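We did not get these values from a lab; they are worked out from the coordinates using the rules stated. Since this is a predicted model, take the numbers as computed values, not measurements. So basically every Cβ, Gly included, is an ideal-geometry build from the backbone, and we count neighbours across all protein chains shown.
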Amino acid sequence: MKIKFDDPTVRNLETKSSAYECMADKEPGFGVRVHPSGTLTFFYQYKIDGKRRYLTLGNYPKLSLKSARELYQAELSKVKALRRGSADGVDPVVEKKRKQELRIAEETAHSQSKTISELCKEYIEKYASKFKRSWQEDERILNKEVIPLWGNRKAHDVKKRDIIVLVEAIVERGSPGMANNTFKIVRKMFNYAVEKDILQISAANGVKLPAPLNTRERVLSQDEIKLFWSNLETASISLDIQSVIKLILLTAQRPGEMVGIHTKEIDGDWWTIPSDRAKNGKSHRVFLTPSAKYIIEQSIVRVKANRKIAADANYDGFIFPCPHKAKDKSIDRHAISRAIAKNLAWPLTDVKGNQLYQKDGKPATENRLGIEHLTPHDLRRTAATFMAQSGAMDEVIDAVLNHAKQGVIKVYNQYRYDKEKQQTLEVWEQKLLIIISVK
């Protein structure tokens with residue numbers, strides 16, 4: 001139907017159950033489509049060589065009637081010029097499609113010209129930080145292993161051989177686990193780039209893990225536990241990190257979850273790891289034995305002293321805060337691994353601080369912890385093993401460790417084993433106290 005095109009008339013058009021169109025009474029081809037949702041869309045309808053064209057101009061009132069009319073008149077003049085064979089003549093629909101294709105081509109060209117640094121940043125911001133709990137580890141590894149080497153290179157210039165050289169170099173420096181982790185992150189980032197049409201193909205296609213996957217089975221013996229515990233105090237390890245290490249062994253919790261413990265997560269004898277911090281996304285209750293509570297209380301005393309908070313005042317914050325007081329975060333979980341690794345091979349120096357070397361040319365070191373190589377996660381495995389030796393059932397140990405239930409059990413068995421977890425951790429605490437106190 002034809003209507004008078006003015007603001008009151010357009011604004012008050014009736015909404016119906018199905019869309020319909022109204023044409024301007026004095027402007028051929030100029031119309032408005034009324035959608036059931038109430039949206040009003042201006043359009044220009046015309047014919048070229050007998051074929052009908054439909055050009056959307058914009059939605060009212062974001063596009064005013066005055067602006068819509070000006071757009072209509074501009075497009076109308078192009079069509080008239082085209083019909084009379086003028087060089088200024090253009091089919092508006094064809095022109096719009098051409099501009100869209102040109103814009104897409106320019107955007108694609110820009111995307112494909114991204115440097116590795118730009119790609120890393122986009123991958124972290126738009127993918128990893130939204131979908132991966134371990135996104136900060138991805139960011140750390142990219143900053144450490146990838147950007148220094150490839151940062152200014154165009155992403156599409158990185159080839160399969162470049163990835164192989166990168167990860168093999170990490171293996172050769174004695175870090176096969178890091179090589180595997182780096183490769184997995186690079187592969188994921190390149191797959192993301194393909195999904196987003198930044199790259200046509202992934203340079204990681206056909207590249208295999210650079211090192212075999214070895215399942216660690218390291219469990220400390222009683223003698224090693226005693227030696228390790230006692231040597232912590234004389235090693236070059238901060239009191240906070242010493243406390244975290246001891247708590248990992250006492251509670252059997254994951255190192256990453258242990259470093260982030262916050263006062264708001266503790267209620268009496270129980271520590272609840274919230275779902276957003278738990279590796280499996282399930283909140284987890286951990287019983288705190290007297291020894292664990294004492295370590296935590298002493299840690300809070302240190303925090304208060306360092307931050308000049310009155311001893312009798314309440315403290316609300318991370319129990320193991322980042323040394324940089326301006327940052328409201330806990331210490332980095334990798335600080336635990338670094339502290340242990342460094343003290344297993346502490347560099348020996350002369351009186352002037354120069355590195356000493358052995359006769360074969362290798363750096364001279366001392367093992368300040370006095371035991372074979374271990375990782376923070378080995379302490380968790382050690383605690384679980386001693387719990388089993390003390391008679392704890394597998395399902396209870398899994399509950400202590402916050403392992404996800406498998407199969408139909410995860411659906412039908414919703415019991416949380418709090419009573420059994422408490423008993424198991426109390427028995428382990430007594431066993432550990434005996435081990436570290438034996439003469």
Item to check | Difference of contour (0.36 nm per residue) and Cα-Cα distance, residue 129 to residue 218 | outcome: 28.8 nm
Checklist entry - What ranking of 236, 283 emerges when the number of other C-beta atoms within 10 Å of each C-beta is taken as an exposure proxy, fewest first? => result 236, 283
Checklist entry - Total Lys pairs in the range 267-403 closer than 26 Å by alpha-carbon, pairs eight or more apart in sequence or interchain only? => result 23
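Can you say what percent of the DSSP beta bridges in the range 2-96, counting only those with both residues inside, are antiparallel? Round to 5.
That works out to approximately 90 percent antiparallel.
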Next on the checklist: For the chain, what does the relative contact order come out to in percent, with C-alpha contacts under 8 Å and a separation of six or more?
Outcome noted: 10
Next on the checklist: Between helix 92-111 and the chain, what is the angle of the helix's C-alpha long axis to the longest principal axis, kept within 0 to 90° and rounded to the nearest 10?
Outcome noted: 20
Item to check | Rough spin-label spacing in nm, given labels placed 7 Å along Cα→Cβ, for residue 2 and residue 70 | outcome: 2.7
Checklist entry - Straight-line reach from residue 154: which lysines have Cα under 29 Å away, leaving out those fewer than 8 places along the same chain? => result 99, 114, 121, 126, 130, 132, 144, 184, 188, 196, 208
Checklist entry - Roughly speaking, what is the stretch gain from residue 197 to residue 184, that is 0.36 nm per residue apart minus the C-alpha to C-alpha distance, in nm to one decimal? => result 2.7 nm
Checklist entry - Along the charge dipole of the range 116-195, Cβ charges K/R +1 and D/E -1, which of 136, 191, 149 sits furthest on the positive end? => result 191
Next on the checklist: Cut-off 13 Å, label point 7 angstrom out along Cα-to-Cβ of residue 366: give me the residues of the range 319-348 whose amide nitrogen falls inside.
Outcome noted: 343-348
Checklist entry - Of the chain, which part is the longest with no GluC sites (Glu not before Pro) in a loop (DSSP not H, G, I, E, B) and with at most 14 other C-beta atoms within 10 angstrom? => result 15-216
Checklist entry - In a GNM of the chain with a 10 Å cut-off on Cα contacts, which of 322, 22, 120 has the highest mean-square fluctuation? => result 22
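Please sort by residue number the trypsin sites (Lys or Arg not before Pro) in the range 251-332 whose DSSP state is loop and whose Cβ has at most 15 other Cβ atoms within 10 Å. Don't skip to the answer; put the middle values down first.
On the way: sites: 264, 277, 279, 282, 285, 293, 302, 304, 307, 308, 325, 327, 329; in loops: 277, 279, 282, 307, 308, 325, 327, 329.
Those that pass, being in a loop and sparsely packed, are 279, 282, 307, 308, 325, 327, 329.
Rounding to the nearest 20 debye, state how big the charge dipole of the chain is about its Cα centre with +1 on each Lys and Arg Cβ and -1 on each Asp and Glu Cβ.
About 1460 debye.
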Checklist entry - Label points 7 Å out from Cα along the Cβ direction at residue 388 and residue 356: separation in nm? => result 4.2
